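Rule-based calculations on the coordinates, nothing more; no lab input. Keep in mind that what you see is a predicted model, and the values were worked out from it rather than measured. Counting neighbours? That spans all protein chains shown, and the Cβs are built from the backbone with ideal geometry, glycine included.
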Amino acid sequence: MTSETTTDAVKASEPAAEAVLLRSVSRVYGAAPHAVTALDDMTIGFRTGTFTAVMGPSGSGKSTLLHCAAGLDRPTGGQVILDGTDLGPLDETALTLLRRGRVGFVFQSFNLVPALTAEQNVALPLRLAGVRPPAAEIRAALAEVGLAGRAGHRPEELSGGERQRVAVARALVTRPAVLFADEPTGALDTRASREVLALIRDVVDRRGQTVVMVTHDPVAAAHADRVVLMADGRIAEELTGPAGSRPRAEAIAARMAALEGSC
Ligand code: ADP
């Protein structure tokens, strides 16, 4: 038996313990003498079914980490393994297909298609994958985010919080191995933020969804199981709560302030 078939056999029987694994990943932009090291030999894993918040000062490498982990950007060194697949050898087409099927994204700006209804927006990833979206599945996805009654509404007819919940439903409709969220509450008021974060927490707890979320907000980060603080393209610190509980917002804010003070 070759090592390849062994890997496939393992993959078929159990999900990868790490939904995403970065091994010694570096990302350098530009060339000397103006090269910028956005990620500096970073090793980190995101275990299946866990919710991680990534924080750090502006320019610390959070977006680059998210983009490399999601296969949107290619590292200049190291290895990214997503859902058991090494992204390095994949060409652009294979990478696009893998992202489409195995990765979900939620952005600060929602990124819904304005001309499409909530229902059509949620169905879009399946259409792009060449699958005829089953109406019952789309309705269930909208019901799961509390928007069963809004299926026929276009984004302009929805509040910010509702738009983001449509975006979450759309990101999850392909049952991705990882949901990446980039400042998902950055454009929302406190109440809508709370709803969206509770929804993300719920999909982690109920269906074992793996989530990686970049945020500036300690209250948002306190919904995660673990908070990774970055500085200068590296992990400066990792926070979890006492005895496996979640880190508290006050503790996260204090560590962030200390980190920003020392930068
Ligand atoms: P963050 O998300 O924490 O603000 P980024 O990952 O966006 O940080 O950026 C990390 C570093 O890499 C910064 O110094 C930034 O200026 C640099 N950087 C990011 N993208 C590019 C790019 N496309 N070209 C050149 N430098 C970049």
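Tabulated data
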{"quantity": "Net lengthening on full extension, Ala148/Ala136 (0.36 nm per residue, minus Cα-Cα)", "calculated": "3.2 nm"}
{"quantity": "Kirkwood hydrodynamic radius (C-alpha pairs) into Stokes-Einstein, the chain, 37 °C and 0.692 mPa s, D in µm²/s", "calculated": "171"}
{"quantity": "Charge sum, other residues only, whose C-beta stays under 15 Å from Asp202's C-beta, Lys/Arg counted +1 and Asp/Glu -1", "calculated": "+2"}
{"quantity": "Local electrostatic count at Arg154 - Lys and Arg +1, Asp and Glu -1, tallied over other residues with Cβ under 12 Å", "calculated": "-2"}
{"quantity": "Built amide H within the under 5 Å cut-off of Ala231, gap 5+", "calculated": "Ala236"}
{"quantity": "Magnitude of the charge dipole, the chain, Cβ model with Lys/Arg +1 and Asp/Glu -1, debye to 20", "calculated": "560"}
{"quantity": "Charge dipole (the chain, unit charges on Cβ, about Cα centre) - positive-most of Leu22, Gly149, Ala254", "calculated": "Gly149"}
{"quantity": "Helix-derived mean residue ellipticity, 222 nm - over the chain, DSSP H n ≥ 4, -39500 (n - 2.57), to 500", "calculated": "-11500 deg cm²/dmol"}
{"quantity": "Options Leu199, Pro134, Gln79, ranked by Cα towards positive dipole end of segment 3-262, top entry (Cβ charges)", "calculated": "Pro134"}
{"quantity": "Net charge dipole size for segment 105-204 [Lys, Arg +1 and Asp, Glu -1 on Cβ; Debye, nearest 20]", "calculated": "240"}
{"quantity": "Neighbour-count order for Val145, Val166, fewest beta carbons within 10 angstrom listed first", "calculated": "Val145, Val166"}
{"quantity": "Whole-angstrom gap from segment 108-182 to segment 192-208, using each part's C-alpha centre", "calculated": "15"}
{"quantity": "Charge dipole (the chain, unit charges on Cβ, about Cα centre) - positive-most of Ala32, Val103, Pro57", "calculated": "Val103"}
{"quantity": "Most mobile listed residue (Val227, Val36, Val173) in the chain, GNM with C-alpha springs under 10 Å", "calculated": "Val36"}
{"quantity": "5 angstrom amide H check on Ala19, placed H, neighbours 5+ away", "calculated": "Phe46, Arg47, Thr48"}
{"quantity": "Among Gln108, Gln209, Gln79: highest mean-square fluctuation, GNM of the chain, C-alpha pairs under 10 Å", "calculated": "Gln108"}
